[in-house]
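Chemist: Mind looking over this structure? Questions follow.
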Amino acid sequence: MCGILAVLGCVDNSQAKRARIIELSRRLRHRGPDWSGIHCHDDCYLAHQRLAIVDPTSGDQPLYNEDKTVIVTVNGEIYNHKELRQKLSSHQFRTGSDCEVIAHLYEEYGEEFVNMLDGMFAFILLDTRDKSFIAARDAIGITPLYLGWGHDGSTWFASEMKALSDDCERFMSFPPGHIYSSKQGGLRRWYNPTWFSENVPSTPYDPIVLRETFERAVVKRMMTDVPFGVLLSGGLDSSLVASVVNRYLAESEAARQWGSQLHTFCIGLKGSPDLKAAKEVADYLGTRHHELYFTVQEGIDALEEVIYHIETYDVTTIRASTPMFLMSRKIKALGVKMVLSGEGSDEIFGGYLYFHKAPNKKEFHEETCRKIKALHLYDCLRANKSTAAWGVEARVPFLDKEFIDVAMSMDPESKMIRRDLGRIEKWVLRNAFDDEKNPYLPKHILYRQKEQFSDGVGYSWIDALKDHADKQVDATMLAASFIYPENTPTTKEGYLYRTIFEKFFPKNAARATVPGGPSVACSTAKAVEWDAAWSKNLDPSGRAALGVHEASYEHVVDTKLDKPKNGPISKVHS
């Protein structure tokens with residue numbers, strides 16, 4: 001991941017303004033510590049902080065077309081750049097960067113080229129010939145981007161809110177799958193897949209097509225000129241990513257540069273479920289496994305820094321981001337700059353435990369659509385910013401455009417949890433990789449129940465956060481609705497995170513970038529209606545799926561002002 005900042009249409013183009021933009025760009029240097037660049041054209045500035053993954057020696061940014069009339073600053077990876085270069089054979093390329101194709105595609109196709117890109121990206125492109133510009137964000141919002149407006153009428157874009165929040169009164173999260181055009185005067189959607197309408201599809205489930213599409217998604221994300229690895233929690237999704245990488249690594253270009261033994265990484269409190277499961281998978285695959293630990297106190301001590309980096313006050317995101325943030329620091333210390341991760345599978349296949357209560361396939365499918373559309377506010381934000389805080393890039397093969405199209409076009413009846421048929425959550429994915437002759441994973445790992453990352457690193461992590469918040473937040477919580485009238489926190493933990501967030505990002509526009517509403521076990525507000533009991537237990541932990549999770553709460557958690565009264569963890573079989 002890189003850090004990008006663009007300011008277009010400034011009234012002031014003095015040296016002081018240039019210095020200010022360089023200063024703001026430095027706030028993104030954690031995302032790209034390898035090099036800095038800036039291009040100024042009249043009243044327009046494009047700045048870049050580079051994390052060098054592909055072509056680290058010559059791919060510095062901003063990037064240009066042949067005569068430097070088109071300038072582009074990009075954060076992301078374009079996995080099909082070699083195929084696109086073949087379509088641009090009349091163009092002269094200056095670097096081996098995968099992102100350089102963007103400038104030349106614009107020359108060739110105008111603004112309508114974005115759908116040709118296969119990858120994760122956010123970019124701003126300036127055409128100096130008419131001083132027009134465009135900005136775009138990838139289909140799902142894997143790569144962060146913010147849009148703001150300065151007091152002087154200038155338009156701002158930045159990878160993270162912290163680079164523009166001080167200088168813009170109005171700003172927002174740039175919507176995924178959209179393009180902003182100065183010529184056409186605003187945002188329009190470029191990503192329009194069939195599933196976006198939320199109409200129930202009818203394509204029969206084909207396990208071979210699903211498996212082969214996912215393997216292609218993984219392989220294309222092994223494009224790298226630097227050392228890489230896989231984040232391995234021991235759950236289904238990360239284990240499948242690791243297994244597929246392991247199968248194809250020996251014949252890849254990456255292996256010729258860095259060797260054919262895969263590095264895997266896991267973090268947790270000592271004795272946590274993830275550590276045990278991840279080691280078992282790593283031993284089975286024969287990876288070079290790195291088991292990393294953190295203590296509850298180390299996690300609590302990091303909370304302020306985590307919230308500053310991930311730029312949210314959402315409770316479940318902060319719970320999961322903290323161990324990921326700590327793990328990323330240790331990964332970078334080992335010399336690794338890129339990792340593959342398993343985000344997105346639960347949204348696509350209904351893997352969260354609350355999907356057990358989906359009343360029918362229509363509501364099941366509609367909920368998966370809602371979850372995918374919101375990923376940029378939750379898991380994508382967490383995976384990107386937690387790793388980018390230490391100059392590590394996370395790639396997510398489950399969010400490959402082709403794979404999503406295949407998975408979301410199948411009849412959702414096949415995704416439904418059917419205990420009478422022996423089908424648990426994500427059965428279609430498990431079954432697709434259940435190969436008796438050439439197994440990808442041991443059976444009991446392939447069919448292991450879902451653990452949310454914040455649960456899997458150790459159940460005591462969440463309980464400790466609640467205890468910490470209970471000690472930190474006093475009776476001022478009673479005035480929460482007056483202090484924070486928008487998205488009012490309903491728990492002491494939520495109140496604590498909100499106060500930290502507001503310290504760094506005090507403007508109304510900042511707090512409006514964070515979603516709200518009731519949730520149980522990561523559900524949307526709509527899905528809370530599936531079970532009347534859930535409205536009394538609005539906790540984002542997977543354990544809150546009462547009667548579903550094998551280690552659910554014995555007693556309902558009091559989510560209001562008092563200290564959480566959850567009893568001891570016990571097995572509850574439904």
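Chemist: Taking every pair of Cα atoms in the range 352-468, average 1/r, invert it to obtain the Kirkwood radius, and report Rg/Rh to two decimals.
Modeler: Answer for the range 352-468: 0.99.
Chemist: Please compute one quarter of the surface area of the Cα convex hull for the range 206-347 and express it in square nanometres.
Modeler: 9.3 nm²
Chemist: What is the helix-to-structure angle for 207-220, meaning the angle in degrees between its Cα long axis and the longest Cα principal axis of the chain, kept from 0 to 90 and rounded to the nearest 10?
Modeler: So the inclination is approximately 50 degrees.
Chemist: When the convex hull of the C-alpha atoms of the chain is computed, what volume per residue in Å³ does it have? It would help to have the intermediate numbers written out before the result.
Modeler: On the way: hull volume 83.5 nm³, N = 574.
Taking only Cα atoms, the chain has a hull volume of 145 Å³ per residue.
Chemist: Could you calculate, for the range 346-391, the ratio of the Cα radius of gyration to the Kirkwood radius, expressed as Rg to Rh?
Modeler: 1.13
Chemist: I'd like the Kirkwood hydrodynamic radius of the range 275-353, using the inverse of the mean 1/r over distinct C-alpha pairs, in Å.
Modeler: 14.7 Å
Chemist: Return the ratio Rg/(2.2 N^0.38 Å) for the range 15-154, where Rg is computed over Cα atoms only.
Modeler: 1.01
Chemist: Turning to a different aspect of this structure: Using only the Cα atoms, work out Rg/Rh for the range 269-412, with Rh taken as the Kirkwood radius, to two decimals.
Modeler: Across the range 269-412, the Cα-based Rg/Rh ratio is 0.99.
Chemist: Further, regarding this structure: For labels at Asn360 and Ala374 in the simple 7 Å Cα→Cβ model, what's the distance in nm?
Modeler: Each label point is offset 7 Å from its Cα along the Cβ direction, giving 2.3 nm.
Chemist: While we're looking at this one, here's another question. Would you mind telling me the share, in percent, of accessible area of the chain contributed by carbon and sulfur at probe 1.4 angstrom? Mind dumping the intermediate values first?
Modeler: Numbers: 10740 of 21130 Å².
About 51 percent, which is the carbon plus sulfur part of the accessible surface.
Chemist: Per 0.36 nm of contour for each residue apart, how much would the distance between His151 and Glu502 grow if the chain were fully extended, relative to their Cα-Cα spacing?
Modeler: 124.2 nm is the gain from fully extending His151 to Glu502.
Chemist: Work through the residues other than Lys279 whose Cβ is under 14 Å from its Cβ and net out their charges, Lys, Arg +1 and Asp, Glu -1.
Modeler: In short, 0.
Chemist: What do you get for the angle between helix 459-472 and the principal long axis of the chain? Use alpha-carbon atoms, 0 to 90 degrees, nearest ten.
Modeler: Here the helix axis deviates by roughly 80 degrees.
Chemist: Then there's this: Could you report the range 196-544's accessible area per residue, 1.4 Å probe, as an integer in Å²? List each step's numbers first, then the result.
Modeler: Numbers: 12560 Å² over 349 residues.
So the range 196-544 comes to 36 Å² accessible per residue, rounded to a whole number.
Chemist: For the range 425-515, what Kirkwood radius comes out of the mean inverse Cα-Cα distance, in Å?
Modeler: Here the Kirkwood hydrodynamic radius works out to 16.7 Å.
Chemist: Compute log10 of I(q)/I(0) for the range 136-237 with the Debye formula, placing one identical point scatterer on every Cα and leaving out solvent, at q = 0.14, 0.23 Å⁻¹, to two decimals.
Modeler: -0.85, -1.22
Chemist: Where a Cα-Cα gap under 21 Å defines reach, which lysines qualify for Lys337, not counting those fewer than 8 residues away within the same chain?
Modeler: Lys220, Lys385
Chemist: Any idea how far the Cα center of the range 247-268 sits from the one of the range 1-69, in Å?
Modeler: 32 Å
The values are calculated or read from the model by the stated rules, or taken from the named source; none is laboratory data. Remember, it's a predicted structure, so these values are computed and weren't measured experimentally. All Cβ positions, glycine included, derive from the backbone under ideal geometry; neighbour counts span all protein chains shown. Please note that ligands, DNA and RNA were not included when accessible areas were found on the heavy atoms of the full protein model with its side chains. Shrake-Rupley method; radii C 1.70, N 1.55, O 1.52, S 1.80 Å.
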